[in-house]
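The structure under discussion appears below in the form of structure tokens.
Read-outs throughout are calculated quantities, based only on the coordinates presented, and are distinct from any laboratory measurement. Just so it is clear, the model here is predicted, and its values are computed rather than measured. Every residue, glycine among them, receives a Cβ derived from its backbone with ideal geometry; neighbour counts consider all protein chains shown.
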Amino acid sequence: MAHVLLSKGCSVKVVSGRAGFGSATSLSRAFSRHLGYAPNEIGKHHPPLRK
């Protein structure tokens, strides 16, 4: 879910709340552990999704 929202241009802060994380930092750490790159690097790894 977080990956899709970030791909659509939602901020990490908004996504963290919608995905049930306590903070943007918590989401960023989990995202990086799981995918191997930070949420702000998503555009380098995946093309943008349609809104």
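Using the Karplus curve 6.51 cos²θ - 1.76 cosθ + 1.60 with θ = phi - 60°, work out ³J(HN,Hα) for each residue of segment 11-27 in order, rounded to whole Hz, and write x for Gly and Pro.
6, 4, 4, 5, 4, 4, x, 5, 8, x, 7, x, 7, 5, 5, 4, 5
Taking 0.36 nm per residue of sequence separation and subtracting the Cα-Cα distance, how much length would be gained by fully extending the chain between H34 and V14, in nm to one decimal?
5.3 nm
Provide the net charge surrounding L27, with neighbours chosen by a C-beta distance below 13 Å and charges set as Lys +1, Arg +1, Asp -1, Glu -1.
Working: positive: K13, R18, R29, R33; negative: none.
My count for the surroundings of L27 gives +4.
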